Amino acid sequence: MHYSGYSTLEIRPVVRLMIDYLARKEILHDAFFKKYAAKKYMKASIIVREWIRTEYSEEEITAVMTETLTATKTQEVDFQEPEQENIPEEEEDYEDEDENYNSDDDDFMYADELESREVDA
Amino acid sequence: MPNPSYMKQQINLEWRMRGILVDWLIEVHAKFRLLPETLFLCVNLVDRFLSSRPIGMEKLQLVGVTALLVASKYEEVMAPNIDNFIYVADGGYTEHEILKAERYLLHIVGFDLSYPNPMNFLRRISKADDYDIHTRTIAKYLIEISLVDDRFLKYTPSIIAAAGMYLSRRMMDRGPWVSSSSSQSNGRRPI
């Protein structure tokens, strides 16, 4: 695969982990998500979340992950279920702290919209 | 390099706490407007330190803030003053404590701060698509997942960078193609 020197086969397990992380219904790391939701980062986290939604369902990911795990017998089984307490609290905390985060309010409205959609799903 | 299963030796800690710490470090790092390399080195220092020394939960943030201090001294042109680090930790630690922790941390990691940063590899791979800013930014986001999610610890920085770029390119290329072929293929897509 292009300049990296790795084959698709080699990077596949890492790509799978990334998709698994992204396909979680809840946002696990709030500050991380917010950072990349800013215009400065071209709303990368939001774009990626949308892409994942259209490409994969969570069940599909879990199925693939389980398959991989049993096949490779790694120790990752422990981490399959994300801890619920990890869900970040209120969003307001961040809003007036840094222009990185609140420079574009529509980002947050967008994020809210994403969340409400999850409830429906 | 850190031990991917070091949490077994950390009786007072869990992976979940590491995730919270790294998330907080990302926030502070963004607030200080530091370089991406600083963040990656910082998390690498935290993991290497925790691989060899069991610590109490109350010291975890101290390790994090100290690693960020050391990493910014190493990577940045203008490292933030130590007062800023004391401030972001809500005054939980004194200057003396942080400086002492700094010496200890450096000692534990053997003063070895040369970490093969995923950003270095990304820069090289980016050449392949003429430094397209879109795929690059998405790739940076994907690569940073490897910081908050401990399952990436066993992978090398170069393979993480390659995976981030690969997935990012797939996301970007999908444009006109997805509506026609991908959504119709009911078989499993290769991931």
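Points worth noting:
- Spacing of the two label points (7 Å from each Cα toward its C-beta) at A:LYS39 and B:VAL77, in nm: 2.5 nm
- A:GLU26-A:GLU50 FRET efficiency (beta carbon distance; Förster radius 22 Å; 0.05 resolution): 0.85
- Averaged over peptide B:164-173, the number of partner chain Cβ atoms lying within 10 Å of each residue's Cβ comes to 5.
- Paired Rg and Dmax values of segment B:1-146, which use every Cα atom, in angstrom: 15.6, 48
- A simple count of charges around B:THR66, restricted to other residues whose Cβ falls under 13 Å of its Cβ and scoring Lys, Arg +1 and Asp, Glu -1, yields +3.
- Tilt relative to chain B, helix B:15-31 - C-alpha long axis, 0 to 90 degrees, to 10: 90 degrees
- With a 10 Å cut-off around each Cβ of A:16-24, the average count of Cβ atoms from other chains is 5.
- FRET efficiency for B:ASP132 and B:PHE111, using Cβ-Cβ distance with R0 set to 30 Å, rounded to 0.05: 0.20
- Averaged over the residues of peptide B:154-160, the number of Cβ atoms from other protein chains lying within 10 Å of each residue's Cβ is 4.
- Over chain B: helical MRE at 222 nm, DSSP H runs n ≥ 4 each giving -39500 (n - 2.57), nearest 500: -19000 deg cm²/dmol
- Extended-chain gain in nm, criterion 0.36 nm per residue less alpha-carbon gap, B:THR94 and B:ARG123: 6.6 nm
- Sites B:TYR87 and B:MET57 - FRET efficiency at Förster radius 22 Å, r taken between beta-carbons, to 0.05: 0.50
- Ranked by how many other beta carbons lie within 10 Å on average, peptides B:81-94, B:152-165, A:15-28 from highest: B:152-165, A:15-28, B:81-94
FYI, it's all coordinate maths here, none of it is from the lab. Everything numeric in this text was worked out from a predicted model, so none of it was measured. Cβ: placed from backbone, ideal geometry, glycine included. Neighbour counts: every protein chain shown.
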